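One structure, pasted below without further comment.
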Amino acid sequence: MELRRAGSSGLQLSRLGLGTMTWGRDTDEHEAADQCRAFLDAGGNFIDTAAVYGDGDSERVIGGLVGTLFNRDEVVIATKAGVTFPEGVRTVDNSRSHLISQLEKSLTRLGTDFVDLWQIHAWDPNNPLDDTLSALDYAYSSGKARYVGVCNFSGWQSARAITQQESIQSKAPVTTLQNEYSLLNRNVENELIDCVSALNIGLLAWSPLGRGVLTGKYRRGIPSDSRGATPHFASFVDPYLDDRSSRIVEAVAVAAERLGFSPLEVALAWVRDAPGVTSAIVGARTGAQLRGILLSEQMTLPLIVRDVLDEVSS
């Protein structure tokens, strides 16, 4: 699998990243190990998690694989901090004390002294940005994070964080932005693509398969074994079960049939090779599903097909 440099940094990531949002909850330790083995065998090196995934269980599962399934220095481990769900309510707290506390707990669960990439999970309008960025500086200067990034920031929020960190040489440079990007959600093209291009930052695309909808599995309803049928993911999938999304999915399915590939492979290749994208992060419930996703590495989307999908989804 091709490795790509994240912006102007020395961080090199496989162009597909392994997302672990379901690990420890919908994906048990055995399935997670199967997925990880398939991903590494395909040449992947980038595993993405977060402190909030499975209330820490995702990180615990990854920690159990370190030293058994892979050596620590063979894999880029990325995690995130700032988001919690006390009593089921999504809460963002990017205060320095809270972020550093989450980092220390993440390192314990992961069983490692450092993470390769530590990311702020979301923008916090109630906390001074300087306070938030000082936590990145601490992690970076202490060696507990080799690189740092931000997730789900808007264009102006990202540019502000990046330039503030660049203004003083001793501060931790922002290496990556992580945002949702797919044929069903192209909002990053409004500002963020220009931001990463102008400031030479890596872009990590999460949910490149439109929260699973671009696989085509929801074309005739909600399968009982899909994320859309689970109580904790139904609201996550539902926004992309509208008429507009359906038209795009049908266009992807037609293109896939003519190319001899699956809709999943076409939709993923579109994001993976989009301008500015360093890595597209994919998640699967089982090892078999992940192996199907990894088949996308065998294809390059013809330019004429990309242009048609650009137009259909614009």
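The values are calculated or read from the model by the stated rules, or taken from the named source; none is laboratory data. All values derive from a computational prediction rather than experimental measurement. No Cβ is skipped: glycine too gets one built from the backbone with ideal geometry, and neighbour counts run over all protein chains shown.
Does at least one position in the stretch 300-312 carry a residue that is within 29 Å of Val76 (Cα to Cα), assigned to a loop (DSSP other than H, G, I, E, B) and over 20 Å from the mean Cα position of the chain (by Cα)?
Yes.
Quick check on this structure: which one of Tyr147, Tyr218 is assigned to a loop (DSSP other than H, G, I, E, B) and crowded, with 22+ Cβ neighbours inside 10 Å?
One residue alone meets the criteria, Tyr218.
Report every pair of residues separated by at least 6 positions or lying on different chains whose Cβ atoms are under 9 Å apart, first residue within the stretch 147-172 and closer than 13 Å to Gln119 by Cβ and among the hydroxyl-bearing types (Ser, Thr, Tyr), second at pLDDT below 95 and part of a loop (DSSP other than H, G, I, E, B).
Partner pairs satisfying both residue conditions: Ser158/Glu191.
Something else about it: Go through the stretch 64-103 residue by residue and tally those that are part of a strand (DSSP E or B) and either closer than 17 Å to Asp48 by Cβ or of a type in the set (Phe, Trp, Tyr) (or both).
9
Scanning the stretch 71-102 for residues that are closer than 25 Å to Arg15 by Cα and touching a helix residue (DSSP H, G or I) at 6+ places or on another chain (Cβ under 6 Å), which turns out surrounded by the most Cβ atoms within 10 Å (Cβ to Cβ)?
The selected residue is Thr79.
Additional query: Looking at Leu268, is it hydrophobic (A, V, I, L, M, F, W, C), part of a helix (DSSP H, G or I) and touching a strand residue (DSSP E or B) at 6+ places or on another chain (Cβ under 7 Å)?
It is true that Leu268 is hydrophobic (A, V, I, L, M, F, W, C), part of a helix (DSSP H, G or I) and touching a strand residue (DSSP E or B) at 6+ places or on another chain (Cβ under 7 Å).
Name the residue, out of Gly19, Gly64, Gly44, that is of a type outside the set (A, V, I, L, M, F, W, C), touching a residue at least 24 places away in the same chain (Cβ under 8 Å) and closer than 25 Å to Asn94 by Cα.
Gly19
A further question follows. Given the condition at pLDDT 95 or above, among the aliphatic types (A, V, I, L, M), in a helix (DSSP H, G or I) and under 21 Å from the mean Cα position of the chain (by Cα), answer yes or no: does some residue in the stretch 233-252 qualify?
No: zero hits.
With the structure loaded, tell me whether Ser106 is within 15 Å of the chain's Cα centre (by Cα), within 24 Å of Asn179 (Cα to Cα) and in a helix (DSSP H, G or I) or whether it fails that test.
No: the conditions fail for Ser106.
Step by step: first the residues of the stretch 168-190, then only those that are of a type in the set (Val, Ile, Thr) and in a strand (DSSP E or B), then the one that is farthest from Val249 (Cα to Cα). Which residue is that?
Going through the qualifying residues, I end up with Val174.
Sort out which residues of the stretch 263-295 are polar (S, T, N, Q) and buried (at least 23 other Cβ atoms within 10 Å of the Cβ), and write them in order of number.
Thr278, Ser279
Checking the conditions here, which among Gly17, Gly64, Gly88, Gly43 is modelled with pLDDT of 95 or more, more than 18 Å from Phe114 (Cα to Cα) and more than 17 Å from the chain's Cα centre (by Cα)?
Gly43
Next up: Looking only at the stretch 173-191, which residues are farther than 16 Å from Ile281 by Cα, touching a strand residue (DSSP E or B) at 6+ places or on another chain (Cβ under 9 Å) and without any contact (Cβ under 8 Å) to a residue 40 or more places away in the chain?
Scanning the stretch 173-191 gives Val174, Asn187.
Within the stretch 113-128, does at least one residue satisfy the condition of being polar (S, T, N, Q) and either at pLDDT below 95 or part of a helix (DSSP H, G or I) (or both)?
No, the conditions are met nowhere in the stretch 113-128.
To keep it simple, each residue is scored yes or no on (1) at pLDDT 95 or above; (2) out of contact with any helix residue (DSSP H, G or I) (no Cβ under 6 Å at 6 or more places or on another chain); (3) surrounded by fewer than 20 Cβ atoms within 10 Å (Cβ to Cβ).
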residue	(1), (2), (3)
Ser154	yes, yes, yes
Ile162	yes, no, no
Glu166	no, yes, yes
Ala172	yes, no, no
